[in-house]
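The values are calculated or read from the model by the stated rules, or taken from the named source; none is laboratory data. Since we're looking at a predicted model, the values are computed, not measured. Here Cβ is always computed from backbone atoms with ideal geometry, including for glycine, and neighbour counts include all displayed protein chains.
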Amino acid sequence: MKRFVIAALGAVAFAGTLPVLANDSLAAPAPQALLQQGSRWSTDAPLRAGMEGVRAGVAELRAKDRFSIADYRRLGNTVDARIAAILRDCKLAPDADASLHAVIAELSTAAAEMRAPWPVPAGGLHRARQALEKYERSFEHPGFVPIG
């Protein structure tokens, strides 16, 4: 009986915190919300070079008529290498950096998927393309065109 009472009191105490946890006004704004509508984050040369490299790899693979698991794995490794260079060399303002990390997380997941057993690599290629589109919408990168 004591265990039941303790568990019930714990549930009541936790339930009282749910409205606070669910209150969006207490959460930090998403980095995207900090930009004025239609604005994009500034970039630097290492970021632009890294993202151009990712874009080129994705475009090259998508342009092939047929591609193998080895092609996916190579692209996954290329994406990871570009991510490492971006993280090492890119210097952005904190809010822009936070927004970039959302794109980097998607690209990293895509790279891991491209090295997974079939049919997961195809989803990784699609995820990489979507991450490039998100990058293009969020960052000022003259001449950068996502893959259609």
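Which residues, taken from the range 99-148, are touching a Lys or Arg at 6+ places or on another chain (Cβ under 7 Å) and basic (K, R)?
R115
Give A93, A116 a once-over and let me know the one that is at pLDDT 95 or above and within 26 Å of W41 (Cα to Cα).
Details: A116 fails: within 26 Å of W41 (Cα to Cα).
Answer to the check: A93.
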